[in-house]
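The values are calculated or read from the model by the stated rules, or taken from the named source; none is laboratory data. The structure displayed is predicted, hence computed values, not measured ones. For neighbour counting, all protein chains shown are included, and Cβ atoms are generated from backbone atoms with ideal geometry for every residue, glycine included.
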Amino acid sequence: MVFAKVNTMTPPSPKIADSHAQWASQELLVIREIARLLGRSLDPGHTIREMLRLLSEFLGLNRGRVVLPDAEGGQLAIRYAYGLTEAEMRRGRYAVGEGITGRVYASGQTLIVQDIDAEPGFLCRAVERSRLPQETVAFLALPIEMDNQVAGVLGVHRLRHRNRQFAQDVQILRIVATLIAQILKINALVAQRTARLESENRALKFALERSAALHGIVGESPLIVNALRQIEQVADTDATVLLLGESGTGKELFARALHLFSARRDAPFIKVNCGAIPETLFESELFGHEKGAFTGATAGRPGRFEQADGGTLFLDEIGDLPLPMQVKLLRVLQERTVQRIGGRHEIPVNVRIVAATSHDLQQRVAQGQFRLDLYYRLNVIPVRLPSLRERPEDVRSLTRYFLNHINQTYQRSVNITPDALDRLAAYSWPGNVRQLRNVLERMALLAANQTITASDVQAVLATESVPSSAAIAPEFPVSATVQPGGVVRPYRLVREEERAAIMDALTQTRGNKSRAAQRLGLTLRQLNYRIKLLGISLPR
């Protein structure tokens, strides 16, 4: 095993000089063709194999192979080759320091084996000796270096007895090894950038999906933030979620948010309004029917469960589901199969259930209108959605959000004054967010100018269905409290006449608002709102 050197002291004979000129011409041809390869493509698989083919066909450097660390980094493996079969490439695996290839990788030095039969360190692992020419065969192995570190090994066979010096082969192989290192480096950088872009795209996609999920869910109040946090916590599970809240609080928006937060986001989201389907059509709507199952069934039709397979089924107003259908729904939830009307076979379904209701299901159970076992099946993760009167601090942000959306939809540029915002925030909104949006849309479309004023708000709110006593002061019911026995504490109006009673209670309790609220029969939130609205200073 030696390092080849070129002796330039003795002038070559004319015959040798002609041979050298011929080899030089071949080398230039190989380099020119490699340059063309690099100009067309940097795909390592194609480009490196073609480079090794040029070395074989024009310079007699046969069975070229590029050996790189495997994915685990524990062994070296032939990654690219020319003149080797797939089986030979698979056999070409070496530990670091093993054989000629492993030693070149470990040391970073070029090794030349002038006769592989006379070198014990040459393993003949990839190519069996019987498949090589039956004469003296040499092997050249050079390190492929990237950033001053050995990244791989370039190895070739050649016949020892050729009219060409080893030093010339080593010179051209060093050039090729340098070019291969550049290809590998560029490919690694492209792979890193691609991975980073894919990661950024995934993050952007998630952000867009999150933005889409929160479309219409606006607010920063503790109650709304808590509801969203609960949704996010259970989104990646398949647990059944029960959304509880008054009509207009955005239950469908929360259900869609839950779907888009989950791993089922690319599957269907199917909505069923249980309060809008005639009782005679419930079974067909939910479970589907076969052709001829009943009069008018001219073709088979999958039900909503089948349509939602793999995704989310949103059962809105589940409290309005008829009792006979509650039994069948319970069976589907337990067995995860449906049977179409007129069908003979059960169809498995993989559906995540999200139910919603504006009713008190416990009260309905007590009245015999809702099955207790179905209630327990649905009430796995209850999430209460606050009414708008429980989060007055969100009215302003909701107003701006809706006005912006209305302006874009109708090509308007309507603004609202601070006084008008205060009037909106002081109103009770019995229809919740839905009512707020409708009122804003009406004012924006009927506005005489580009600004909504407090008088505009007052005029529109006067037409809403509110008690006549609300004209004395804006109605603002805060959270309704459920008392023992299921009795709901009625909402109360904020009146100027309450000032004296509140100040007296605060004086008697030395400013302790919790005790003062108990004396007045209010919640702490209701008392805080009245203190703020009436401008009451706490006693020292």
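Among the residues of region 314-335, are any among the small types (Gly, Ala, Ser) and buried (at least 16 other Cβ atoms within 10 Å of the Cβ)?
So the first thing to find is which residues in region 314-335 are among the small types (Gly, Ala, Ser), and the list is 319.
Remaining after also requiring buried (at least 16 other Cβ atoms within 10 Å of the Cβ): 319.
The answer is yes; a qualifying residue exists.
Among the residues of region 137-187, write down those that are in contact with a Leu (Cβ under 7 Å, 6 or more places away or on another chain) and polar (S, T, N, Q).
The answer is Asn187, and nothing else.
Of all residues in region 367-425, which are surrounded by 21 or more Cβ atoms within 10 Å (Cβ to Cβ), in contact (Cβ under 8 Å) with a residue 60 or more places away in the chain and of a type in the set (Val, Ile, Thr)?
Answer for region 367-425, where residues must be surrounded by 21 or more Cβ atoms within 10 Å (Cβ to Cβ), in contact (Cβ under 8 Å) with a residue 60 or more places away in the chain and of a type in the set (Val, Ile, Thr): just Val383.
For the structure I just gave you, tell me whether Phe282 is in contact with a Leu (Cβ under 8 Å, 6 or more places away or on another chain), touching a residue at least 12 places away in the same chain (Cβ under 8 Å) and outside any loop (DSSP other than H, G, I, E, B). Reasoning before the result, please.
Details: in contact with a Leu (Cβ under 8 Å, 6 or more places away or on another chain): yes; touching a residue at least 12 places away in the same chain (Cβ under 8 Å): yes; outside any loop (DSSP other than H, G, I, E, B): yes.
Spelling it out, Phe282 is indeed in contact with a Leu (Cβ under 8 Å, 6 or more places away or on another chain), touching a residue at least 12 places away in the same chain (Cβ under 8 Å) and outside any loop (DSSP other than H, G, I, E, B).
Answer yes or no: is there a residue in region 301-313 that is touching a helix residue (DSSP H, G or I) at 6+ places or on another chain (Cβ under 8 Å), assigned to a strand (DSSP E or B), modelled with pLDDT under 90 and crowded, with 16+ Cβ neighbours inside 10 Å.
yes
Take Thr298 and decide whether it is under 26 Å from Leu253 (Cβ atoms) and of a type in the set (Ser, Thr, Tyr). Walk me through it before giving the result.
On the way: under 26 Å from Leu253 (Cβ atoms): no; of a type in the set (Ser, Thr, Tyr): yes.
Here the answer is no, as Thr298 does not meet what is asked.
To keep it simple, each residue is scored yes or no on (1) in contact with a Lys or Arg (Cβ under 6 Å, 6 or more places away or on another chain); (2) part of a helix (DSSP H, G or I); (3) assigned by TED's automatic domain parsing to the domain that holds Asp238.
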position: Lys328; (1), (2), (3): no, yes, yes
position: Val332; (1), (2), (3): no, yes, yes
position: Ile353; (1), (2), (3): no, no, yes
position: Gln369; (1), (2), (3): no, no, yes
position: Leu374; (1), (2), (3): no, yes, yes
position: Leu398; (1), (2), (3): no, yes, no
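Do the conditions hold for Phe294, that is, is it in contact (Cβ under 8 Å) with a residue 12 or more places away in the chain and either of a type in the set (Gly, Ala, Ser) or outside any loop (DSSP other than H, G, I, E, B) (or both)? Show your work before the answer.
On the way: in contact (Cβ under 8 Å) with a residue 12 or more places away in the chain: yes; either of a type in the set (Gly, Ala, Ser) or outside any loop (DSSP other than H, G, I, E, B) (or both): no.
No: the conditions fail for Phe294.
With the condition kept exactly as written, say whether any residue in region 260-271 is surrounded by 16 or more Cβ atoms within 10 Å (Cβ to Cβ), within 16 Å of Arg384 (Cα to Cα) and touching a residue at least 60 places away in the same chain (Cβ under 8 Å).
Checked against the condition, which is being surrounded by 16 or more Cβ atoms within 10 Å (Cβ to Cβ), within 16 Å of Arg384 (Cα to Cα) and touching a residue at least 60 places away in the same chain (Cβ under 8 Å), region 260-271 yields no hits at all.
In this structure, is Arg344 modelled with pLDDT of 90 or more and of a type in the set (Lys, Arg)?
Values: modelled with pLDDT of 90 or more: no; of a type in the set (Lys, Arg): yes.
Here the answer is no, as Arg344 does not meet what is asked.
Being exposed (fewer than 11 other Cβ atoms within 10 Å of the Cβ), modelled with pLDDT of 65 or more and not hydroxyl-bearing (Ser, Thr, Tyr) narrows it down to one of Gly60, Gly39, Gly64, so name that one. Outline the logic, then answer.
Numbers: Gly60 fails: exposed (fewer than 11 other Cβ atoms within 10 Å of the Cβ); Gly64 fails: exposed (fewer than 11 other Cβ atoms within 10 Å of the Cβ).
Selected residue: Gly39, the only one of Gly60, Gly39, Gly64 that is exposed (fewer than 11 other Cβ atoms within 10 Å of the Cβ), modelled with pLDDT of 65 or more and not hydroxyl-bearing (Ser, Thr, Tyr).
Taking the criterion of being within 41 Å of the chain's Cα centre (by Cα), hydroxyl-bearing (Ser, Thr, Tyr) and assigned by TED's automatic domain parsing to the domain that holds Glu50, would at least one residue in region 75-84 satisfy it?
First pass over region 75-84, keeping only residues within 41 Å of the chain's Cα centre (by Cα): 75-81.
Checking which are hydroxyl-bearing (Ser, Thr, Tyr) leaves us with 80.
Adding the requirement that they be assigned by TED's automatic domain parsing to the domain that holds Glu50 leaves 80.
Checked region 75-84: at least one residue is within 41 Å of the chain's Cα centre (by Cα), hydroxyl-bearing (Ser, Thr, Tyr) and assigned by TED's automatic domain parsing to the domain that holds Glu50.
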